[in-house]
Amino acid sequence: MCTRQPGVFRNWFRRAKALGWLALGLPVVLTGCGGGASQKKAKDGSSQVLATPSGGPFSPTGIAGAGKAIPGEGHGHQPGAHGGLLISIGSDNYHAEAVFEKGGTLKLFLLGKDESRIQEVEEQKLTAFARPAAEAEAVEFSLTPKPQAGDSPGKTSTFEGRLPEGMAGKALEVTVQSIRIGGERFRLAFRSPGDTHAATGGGMPASLAPEAERTLFLTPGGAYTREDISANGNRVASEKFKGIRATHDASPKPGDRVCPISLTKANPAFTWTVGGRQYQFCCPPCVEEFVQTAKEKPGELKGPETYVAK
């Protein structure tokens, strides 16, 4: 039987919307039921740990970005009709689309082998766990059946739930205990790198007004020191990284450095010194969020060696 398993994005959605950036598709992985931690079986019979509800290890292996092939699958899936990411369940016997909405609503749409066909399942309450990437504890929440028009009595093709308080817009690790489809039980595990990152097609503009940006980067506070400011060239992020293209890879390989904010693959071009240590990020706004956290909540910082894909 199946068993259960820093507020850094609080301003991201408003900024991304104001700047006209497109949100990334949300990566999702569904695996069969297993005991204990959620696992994905490799062809050689080995297991890869995907997530645990109590803040255990979560491997990015198997997570796919929009339009990228899912490891073990023969093809990639483009963003779905609702703006989420279509993924395979049970060797393409079923599909699902996961969508995070503004305000903290999570929706799960079920589809058939043919991704254009809606998949009905027995009405059931799904127990889920959400854990911010920078925190240790997961918080339980529920996804309840929300039948669409045309669903048969006692059946549903959609589930919906509210993320735990304070988690809307954050980079999260989410697991669902089990879901019954076609007489089988599957485990759902996915990581959201944040719903406001996207390739920009050019250098990313500063998300703060010039005066506020200079105050953030050129004044010490908390774990952010005068030595750090000097090591960063006495410049703000928009100056140091001007003209550098920011891209976001939601499928880092084991051993890759990942951004402390988005947990997407880090770019060594976006390096910033904080607390005497060098961190790599995916884009300038993530540098901004990290420095803000270093100044306001220095106790939440982890070492650069922590941010490596496993």
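The values are calculated or read from the model by the stated rules, or taken from the named source; none is laboratory data. On a predicted model such as this, the values are computed, not experimentally measured, just so you know. Neighbour counts run over all protein chains shown; Cβ positions are idealised from the backbone, glycine included. We work out accessible area using only protein heavy atoms, side chains counted, and drop any ligands, DNA or RNA first. Shrake-Rupley method; radii C 1.70, N 1.55, O 1.52, S 1.80 Å.
What percentage of the solvent-accessible surface of region 209-310, computed with a 1.4 Å probe over protein heavy atoms, is contributed by carbon and sulfur atoms?
49
Once phi is turned into ³J(HN,Hα) by the Karplus curve 6.51 cos²θ - 1.76 cosθ + 1.60 with θ = phi - 60°, what whole-Hz value does each residue of region 216-231 show in order, with x for glycine and proline?
Using θ = phi - 60°, the values come out as 5, 8, 10, 10, x, x, x, 8, 9, 9, 5, 5, 4, 4, 5, 4 Hz.
If you put +1 on each Lys and Arg Cβ and -1 on each Asp and Glu Cβ, how big is the dipole of region 230-310 around its Cα centre, in Debye rounded to 20?
With Lys and Arg at +1 and Asp and Glu at -1, about 180 debye.
Hey, can you find the accessible area per residue of region 200-281 for me, probe 1.4 Å, expressed in square angstrom?
So region 200-281 comes to 47 Å² accessible per residue, rounded to a whole number.
If you take the Cα Rg of region 208-310 and divide it by 2.2 N^0.38 Å, with N the number of residues, what do you get?
Values: Rg = 13.0 Å, N = 103, 2.2 N^0.38 = 12.8 Å.
With N residues counted in region 208-310, Rg over 2.2 N^0.38 Å equals 1.01.
Order 123, 165, 97, most accessible first, counting only protein heavy atoms with a 1.4 angstrom probe.
My answer, sorted largest first, is 165, 123, 97.
In the structure displayed, which of 107/302; 113/310; 240/295; 170/310; 107/310 lie more than 23 Å apart, Cα to Cα? Walk me through the numbers on the way to the answer.
Numbers: 107/302 32 Å; 113/310 31 Å; 240/295 20 Å; 170/310 21 Å; 107/310 28 Å.
107/302; 113/310; 107/310, as the Cα separations exceed 23 Å there.
Full-extension gain between residue 302 and residue 93, please, as 0.36 nm times their residue separation minus the C-alpha to C-alpha distance.
So the chain would gain 71.1 nm between residue 302 and residue 93.
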